[in-house]
Each structure stands twice: as structure tokens, then as C-alpha cells.
Amino acid sequence: MGPTGTGKSDLGVALARELDGEVVNADSMQFYRGMDIGTAKLAPEERGGVAHHLLDVLEVTEEASVALYQEQARAAIDAVLARGRVPILVGGSGLYVRAALDRLEFPGTDPRARAEIEEDLARRGRSALLAELREVDPESAERVADDRRLVRALEVHRITGRPFTSFMPRREYVRPAVQIGLGGPRGALNERLARRVDRMVERGLPEEVARLDAVGLRRGRTASRALGYRQFLEVLDGLSTVEAAAEATTTATRRLAKRQVTWFSADPRVEWTDFREPPEEQLRRALRRIAEAG
């Protein structure tokens with residue numbers, strides 16, 4: 001795990017080859033068929049003969065779901081273990097990683113209860129509903145930043161009888177795991193990300209976006225917001241140039257990397273390795289940490 005552009009996919013393959021493992025994807029944008037260049041998805045010939053799971057499982061018009069991913073990822077991990085092999089979870093989507101590894105519940109939804117709460121919000125106002133939430137879930141009441149979160153917190157309490165905060169993730173593995181993070185100096189990573197975006201454009205990112213636009217990319221609530229795809233849709237609309245879109249993608253990617261560093265750095269269980277190290281040294285360090293964990 002770690003920020004985008006640090007070489008997680010390559011290290012995952014190397015670990016899988018060394019440990020007789022299989023890779024389980026934890027990059028939410030690599031779920032999508034056809035989103036290859038802009039997500040830096042390894043091509044089949046780059047996977048070193050290693051089986052990869054949960055790649056190319058969604059159309060660009062479909063919406064990704066963390067709750068569904070949790071089910072699919074844990075099923076994939078169980079299947080790899082049942083084959084006597086080692087599952088290697090690889091990706092930088094922090095919540096998806098936590099969903100696969102940690103004790104994390106997802107409360108259901110009830111359209112009728114939500115509609116009732118939304119109607120109540122329109123009739124009585126935010127302050128009245130916030131007061132109601134304070135009675136049953138004071139911690140959530142202090143955190144809700146908008147009406148959508150207010151409605152969701154009340155919905156969860158009505159359908160489960162539990163405060164929304166009781167569903168917050170805990171740093172407690174559902175099964176033993178070792179987390180290897182790839183990171184390094186921000187300046188070096190920013191330079192690397194700029195070069196990476198340039199390579200994506202050279203490899204045909206604008207053409208990939210055009211192909212996906214023809215099959216409904218704009219209708220996808222998740223896929224259409226992916227870095228690079230959103231910016232190059234503006235090129236298709238005549239609102240931007242390829243150069244400007246590339247620059248905007250680089251800026252947005254650097255911001256994403258910063259958020260990812262913040263997310264993963266907050267987890268004391270992550271063992272960090274410098275992405276600038278030679279691949280063989282990264283592999284050696286990762287294998288040593290896995291051996292130490294038993």
C-alpha cells in the first residue's frame with residue numbers, strides 16, 4: 001500500500017512470485033474494464049504469470065461499493081488460502097484496504113426510513129434533527145458536516161438501534177496480516193508523478209478516455225471522477241487542451257498522493273519502505289518483515 005505512483009503493483013508481483021502467492025486488487029479505479037492506461041493497471045504480460053483478482057470486474061457505468069468489495073475481497077483471499085497459496089493485497093485506496101483487512105461493518109440502508117428523515121428535515125429544519133441526533137448519538141452529532149451525513153446518521157440509528165459511530169473501523173485484523181507501505185520524500189514523488197502522467201499521455205490516455213466516453217463513462221458516478229479521465233473528458237468537450245489536461249491531472253494526482261500518505265501514515269501497523277530503493281532491496285525488506293511476523 002501507499003501513495004499512487006510508488007511501484008506497489010510491481011512489488012506485489014515480486015512478492016507473489018517469491019511466496020507462491022496471488023494478487024488481490026485494492027485499487028478502486030482498477031476495478032473498471034477499459035480503464036488501463038490512466039490507472040497504471042498492469043497488462044497481462046506484465047503480471048509475471050501471477051493470478052490477479054478483482055481487476056476488470058465493473059463496467060464504467062457501474063458504481064463501486066466498499067461494502068460489496070469487502071465481501072468480494074475476503075472471498076478472494078479465502079479462495080487463495082484454500083489453494084494453499086499466499087494472498088497479496090495490493091492498492092492505494094485506503095478504505096478498501098481497511099475493508100479487506102480490518103473489522104469494519106457497513107450498516108444497511110432503508111429507503112423508506114431515509115425518505116421519512118429527509119421529509120422531516122425539510123419540515124422541521126436541521127437544528128431539530130441535530131438535536132434528535134444528539135440524544136441518540138452525541139459523538140456523531142459533533143461530527144456531521146452537512147445534511148447528507150446528518151440524515152445518514154439518523155437512518156443508521158433507526159434501522160439498527162446503534163449509533164453511527166459504533167460502525168467506525170477499528171485497527172483490528174480479521175486475520176493476521178503484514179502491511180508494507182511504499183513511500184518517500186514528497187518532492188521526489190511529485191517529480192515521479194509528473195513523469196508518470198506524461199507517459200500515460202504518450203501511451204494513449206486521451207484515446208482511452210474517448211473510447212470509454214463512447215460506452216458511457218460520463219454516466220458512471222465513480223469512474224467519471226477518476227484522475228485523468230475527468231480532465232481529459234474536458235479535452236473532448238473542447239474545454240481544455242491535452243497539455244492543460246495533463247498538467248491538471250498531475251496536480252490532482254499529487255493531491256491524491258498527499259491524502260494517501262496522510263491516511264496510511266496514521267496506521268502504526270504499516271512497515272514503510274522507500275520507493276526509490278532498487279526493486280530487489282524493496283523485495284528483500286518486505287520478505288524480512290514477513291518472516292519476522294511469522
| task | Among the residues of segment 165-188, write down those that are aliphatic (A, V, I, L, M) and in contact with a helix residue (DSSP H, G or I) (Cβ under 6 Å, 6 or more places away or on another chain). | result | 177, 178, 180, 182
| request: Answer with yes or no whether residue 17 is closer than 26 Å to residue 294 by Cβ and either surrounded by fewer than 19 Cβ atoms within 10 Å (Cβ to Cβ) or without any contact (Cβ under 8 Å) to a residue 12 or more places away in the chain (or both). | output: yes
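Quick check on this structure: which one of 225, 230 is within 18 Å of the chain's Cα centre (by Cα), at pLDDT below 95 and more than 30 Å from residue 268 (Cα to Cα)?
Details: 230 fails: at pLDDT below 95.
Going through 225, 230 in turn, the sole match is 225.
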| query | Do you know which residues across segment 191-233 are touching a Ser or Thr at 6+ places or on another chain (Cβ under 6 Å) and either in a helix (DSSP H, G or I) or at negative phi (or both)? | reply | 193, 194, 197, 217, 218, 219, 220, 227, 231
| said: Name the residue that is nearest to the chain's Cα centre (by Cα), counting only residues in segment 204-217 that are farther than 17 Å from residue 244 by Cα and surrounded by fewer than 15 Cβ atoms within 10 Å (Cβ to Cβ). | reply: 216
| request: Given the conditions (1) in contact with a helix residue (DSSP H, G or I) (Cβ under 7 Å, 6 or more places away or on another chain); (2) within 30 Å of residue 171 (Cα to Cα), report the number of the one that residue 228 does not fulfil. | output: (2)
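One line per residue, one yes/no per condition, for (1) touching a strand residue (DSSP E or B) at 6+ places or on another chain (Cβ under 8 Å); (2) more than 24 Å from residue 171 (Cβ to Cβ); (3) of a type in the set (Asp, Glu); (4) not assigned by TED's automatic domain parsing to the domain that holds residue 214:
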site: 14; (1), (2), (3), (4): no, yes, no, no
site: 24; (1), (2), (3), (4): yes, no, no, no
site: 28; (1), (2), (3), (4): no, no, no, no
site: 74; (1), (2), (3), (4): no, no, no, no
site: 86; (1), (2), (3), (4): yes, no, no, no
site: 100; (1), (2), (3), (4): yes, no, no, no
| Hits in segment 246-257 - residues which are surrounded by 13 or more Cβ atoms within 10 Å (Cβ to Cβ) and either within 18 Å of the chain's Cα centre (by Cα) or in contact (Cβ under 8 Å) with a residue 24 or more places away in the chain (or both) | 246, 249, 250, 252, 253, 254, 256, 257
| query | Looking at segment 83-150, what helices (runs of 4 or more DSSP H) fall wholly within it and have at least 2 residues that are more than 30 Å from residue 258 (Cβ to Cβ) and modelled with pLDDT under 95? | reply | 111-124, 126-136
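The values are calculated or read from the model by the stated rules, or taken from the named source; none is laboratory data. Here the structure is a predicted model, which means the values were calculated and not measured. All Cβ positions, glycine included, derive from the backbone under ideal geometry; neighbour counts span all protein chains shown.
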